[in-house]
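The structure under discussion appears below in the form of structure tokens.
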């Protein structure tokens, strides 16, 4: 069963926040049409892996979609858009408000085509305030939310390599879009759903911000070492690195018994998570002595036997080769034009007992379904040729 097989989504998104939101809806069965520039949108060609220049992230973020090229600013493109919009339940666009208006994708214009349409947008800084018209990417939101200040060391703010803010925004927007679909089912009313990168980043940082506002602790980065519990750090083994996270007294008691030394349980300065965080250097130093005499496999096995959360620090290749990653079946081997071996594409990161969320379609090649979609809208072959001559498609 597919939950959204009667829902059509037009994906005007770029890069991650828009496309991943649409991909999640596509995973749930929606007919998602990815709409690109005539020569291909920028995100198609980021980190190219195929002979045609298609990018790795594009393959992931545009699964379960059909592909259409369109220039809505041309009169011919507007003609196509005027027929396409009324067929859509949801329009997704992570574009600035002025760009939306110039493409006739602002909410009021869309409502003129279909009164109950749902528009899901995301901006860098939100729809109001002095930064509302500024553009920005994931890293900018990381910087402005306190994440970079806390992630690196005190003298070197560090950005997360993987764009967690983009993916968080996309996931929250997908949840909000589903809420808007439910709302429309109950009331017949459409909705403008608005997310922002900065709001997503601030949501994740909020606990630390509450602590700062109430206590003025003025935390700064300590690398991989945690500050509110211990041991919570990365440790070098004989042949690699592991990460250990001990939070709460029961876990700490198990860790202390593993170390085999009474002082870790009897000294008052190690009595609580807060006090252990203040003395995290002591605890990490002891843990490093322990791991230095063991291989990664030996250390992980001993920690696992003690029921202490830990994991190997893996490279991307190490993650691909990991027995648990392989056993999950989460990465599906998907063929794509221009690559010689299947690509490991992540499907929806949730499983359902009765819903089918598998990858039904690989990401589309540039304009792959343009003719098919236009014909379904009632355009004949001569009109489609004229649209191509005008570079509207």
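Suppose we keep only residues that are at pLDDT below 95 and part of a helix (DSSP H, G or I) within the stretch 94-131. Which one would you say is surrounded by the most Cβ atoms within 10 Å (Cβ to Cβ)? That would be 100. Taking the stretch 182-204, which residues are surrounded by 19 or more Cβ atoms within 10 Å (Cβ to Cβ) and assigned to a helix (DSSP H, G or I)? Those that are surrounded by 19 or more Cβ atoms within 10 Å (Cβ to Cβ) and assigned to a helix (DSSP H, G or I): 197, 198, 199, 200, 201.
Taken together, the residues in the stretch 148-164 that are surrounded by fewer than 16 Cβ atoms within 10 Å (Cβ to Cβ), in a loop (DSSP other than H, G, I, E, B) and either in contact with a strand residue (DSSP E or B) (Cβ under 6 Å, 6 or more places away or on another chain) or touching a residue at least 24 places away in the same chain (Cβ under 8 Å) (or both) amount to 2. In this structure, does residue 25 turn out to be assigned by TED's automatic domain parsing to the domain that holds residue 359 and under 23 Å from the mean Cα position of the chain (by Cα)? So residue 25 passes the test.
Yes/no per residue for (1) surrounded by 15 or more Cβ atoms within 10 Å (Cβ to Cβ); (2) within 30 Å of residue 53 (Cβ to Cβ); (3) over 29 Å from the mean Cα position of the chain (by Cα):
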site: 244; (1), (2), (3): yes, no, no
site: 247; (1), (2), (3): yes, no, no
site: 263; (1), (2), (3): no, no, yes
site: 266; (1), (2), (3): no, no, yes
site: 277; (1), (2), (3): yes, no, yes
site: 288; (1), (2), (3): yes, no, yes
site: 316; (1), (2), (3): no, yes, no
site: 331; (1), (2), (3): yes, yes, no
site: 334; (1), (2), (3): yes, yes, no
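Quick check: anything in the stretch 312-321 farther than 22 Å from residue 224 by Cα, free of Cβ contacts under 8 Å to residues at least 24 places away in the same chain and not assigned by TED's automatic domain parsing to the domain that holds residue 247? Among the residues of the stretch 312-321, at least one is farther than 22 Å from residue 224 by Cα, free of Cβ contacts under 8 Å to residues at least 24 places away in the same chain and not assigned by TED's automatic domain parsing to the domain that holds residue 247, which makes the answer yes.
Selection within the stretch 35-54: residues that are within 25 Å of residue 388 (Cα to Cα) and in contact with a helix residue (DSSP H, G or I) (Cβ under 7 Å, 6 or more places away or on another chain). The member of this set that is surrounded by the fewest Cβ atoms within 10 Å (Cβ to Cβ) is 53. Just wondering, is there one or more residues in the stretch 70-93 that are more than 25 Å from residue 378 (Cβ to Cβ), crowded, with 24+ Cβ neighbours inside 10 Å and under 17 Å from the mean Cα position of the chain (by Cα)? No, every residue in the stretch 70-93 fails to be more than 25 Å from residue 378 (Cβ to Cβ), crowded, with 24+ Cβ neighbours inside 10 Å and under 17 Å from the mean Cα position of the chain (by Cα).
The values are calculated or read from the model by the stated rules, or taken from the named source; none is laboratory data. Every value quoted in this text rests on a predicted model; they were computed, and no experiment measured them. Glycine also receives a Cβ, built like all others from the backbone with ideal geometry; neighbour counts cover every protein chain displayed.
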